[in-house]
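Quick notes on the structure that follows.
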Amino acid sequence: ATPTALLVGTGRGAQLGILIRGPEVLEASRGIDAVVLDKTGTVTAGTMGLTAVHSAHDELGERELLRLAGALESGSEHPIARAVTAAAADALGTRIGALPAVEDFANHEGRGVTGLVESRAVAVGRRAFLAERQVGVPEDVEAMLADVESRGRTAVLVAVDGAFAGVLILADAVKDHSAAAVAELRALGLAPTLLTGDNAGTARRVAEEVGVDDVVAEALPEDKVSAVAALQRQGRTVAMVGDGVNDAAALAQADLGMAMGTGTDVAIDAADITLMRGDLRSVADAVRLSRRTLSTIR
Ligand code: ADP
Ligand code: MG
């Protein structure tokens, strides 16, 4: 491989909005035959919107529940958190900065958030996160969650003072070009997998929408690493595409890590390539670029 050809390839990448960390990355891209796609912010826009609030609390109505959850989530940068905080401020006709203060805030990456709001212990997160705190979900709520998730929506649960208090439902649209991008990846001989911390129902629905069959859902950040490693053990050379803090370790584990330019700094730092356009078709562009560059070399 001549250094000049690799440099030319790297420069061509920059023109396409594909920032390659160093010329050696193009060589590392050789032989990629599997691509693991994070869902939220990678396949989907990652700009969630709150579509409904259900309170199951005796005294707190939807508005109060949203107020507590919104205040708590103001400490997190997660797309879910941003949506909840913005919706709370909106519903209360206030600025985000005017939401109640939070004490003892803790962000549990890929799981949820906890803290004290107006002396109430509030937790917002996935089912398992509440279960870990001995908070169970009533059966009628389970039925509603299944329905919501089958429609590709994300539901997060709220607990107040250790008791189940309600559900927040969020919608996140699949990006316009994601389905076309998956088709391009297949045409290049790359087997796609959707990998997400979100629940299985939502993941499956999104996977169907973009044409991916293999789905790994409810993955914690460490499970994302294991999912990539499992493919590698099967002899695959794996590219991983992600955007979140929760994707960073998996991006580093992959043979080729690609971060969305719209993503977090932690993901970008862990990746070999940054896709400035935030468009999944850039993944196929990057693979083609690498193949073309290497074929002119040999
Ligand atoms: P993804 O893999 O889709 O990017 P994450 O790993 O970031 O998802 O999150 C996985 C799940 O953890 C979310 O679907 C949600 O249920 C829960 N979660 C993570 N962060 C938060 C938060 N700040 N507020 C509420 N729920 C959260
Ligand atoms: Mg993500």
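The values are calculated or read from the model by the stated rules, or taken from the named source; none is laboratory data. This structure is a prediction, so every number in the text was calculated from the model and none was measured. Note that we place each Cβ from the backbone using ideal geometry, even for glycine, and neighbour counts take in every protein chain shown.
A few remarks follow.
- Candidates Arg281, Arg298, filtered to the one that is modelled with pLDDT of 95 or more and under 22 Å from Val8 (Cα atoms): Arg281
- Just one of the listed residues (Leu50, Leu92, Leu6) is in contact (Cβ under 8 Å) with a residue 40 or more places away in the chain and either more than 20 Å from the chain's Cα centre (by Cα) or farther than 30 Å from Met258 by Cα (or both), and it is Leu6.
- Which numbered condition Val113 fails, given (1) farther than 19 Å from Ala200 by Cα; (2) aliphatic (A, V, I, L, M); (3) touching a residue at least 60 places away in the same chain (Cβ under 8 Å): (3)
Residue by residue, here is whether (1) away from ligand 1 (no atom under 16 Å from the Cβ); (2) of a type in the set (Asp, Glu); (3) assigned by TED's automatic domain parsing to the domain that holds Glu149 holds:
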{"position": "Ser29", "(1), (2), (3)": "yes, no, no"}
{"position": "Leu37", "(1), (2), (3)": "no, no, no"}
{"position": "Glu64", "(1), (2), (3)": "yes, yes, yes"}
{"position": "Arg67", "(1), (2), (3)": "no, no, yes"}
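- Of the helices (runs of 4 or more DSSP H) lying entirely inside region 153-263, those carrying at least 3 residues that are within 15 Å of ligand 1 (Cβ to nearest atom) are 200-210, 221-233, 248-253.
- Restricting Gly278, Gly242 to those that are within 16 Å of Ala45 (Cβ to Cβ), surrounded by fewer than 20 Cβ atoms within 10 Å (Cβ to Cβ) and within 13 Å of ligand 2 (Cβ to nearest atom) reduces the list to Gly278.
- Considered as a group, the residues in region 74-125 that are over 28 Å from Gly242 (Cβ atoms) and polar (S, T, N, Q) include one that is modelled with the lowest pLDDT, and that residue is Thr94.
- Within the span defined as region 194-202, every residue fails to be within 16 Å of ligand 2 (Cβ to nearest atom), in the same structural domain as Ile80 (by TED's automatic domain parsing) and buried (at least 21 other Cβ atoms within 10 Å of the Cβ).
- When Arg12 is tested against (1) within 16 Å of ligand 1 (Cβ to nearest atom); (2) assigned by TED's automatic domain parsing to the domain that holds Gly189; (3) assigned to a helix (DSSP H, G or I), only condition (1) is not met.
- One residue stands out among those in region 19-45 that are out of contact with any helix residue (DSSP H, G or I) (no Cβ under 7 Å at 6 or more places or on another chain) and closer than 16 Å to Pro192 by Cβ: the one that is surrounded by the fewest Cβ atoms within 10 Å (Cβ to Cβ), which is Asp33.
- In region 105-134, the residues that are surrounded by fewer than 20 Cβ atoms within 10 Å (Cβ to Cβ), hydrophobic (A, V, I, L, M, F, W, C) and not in a helix (DSSP H, G or I): Phe105, Ala106, Leu116, Ala121
- In region 261-273, the residue that is nearest to Gly244 (Cα to Cα) out of those that are surrounded by 22 or more Cβ atoms within 10 Å (Cβ to Cβ) and in contact (Cβ under 8 Å) with a residue 40 or more places away in the chain is Gly263.
- Filter result for Asp176 (in contact with a strand residue (DSSP E or B) (Cβ under 8 Å, 6 or more places away or on another chain) and away from ligand 2 (no atom under 16 Å from the Cβ)): no
- Any hit, region 77-84, residues being more than 16 Å from ligand 2 (Cβ to nearest atom), within 20 Å of Ala52 (Cβ to Cβ) and not in a strand (DSSP E or B): yes
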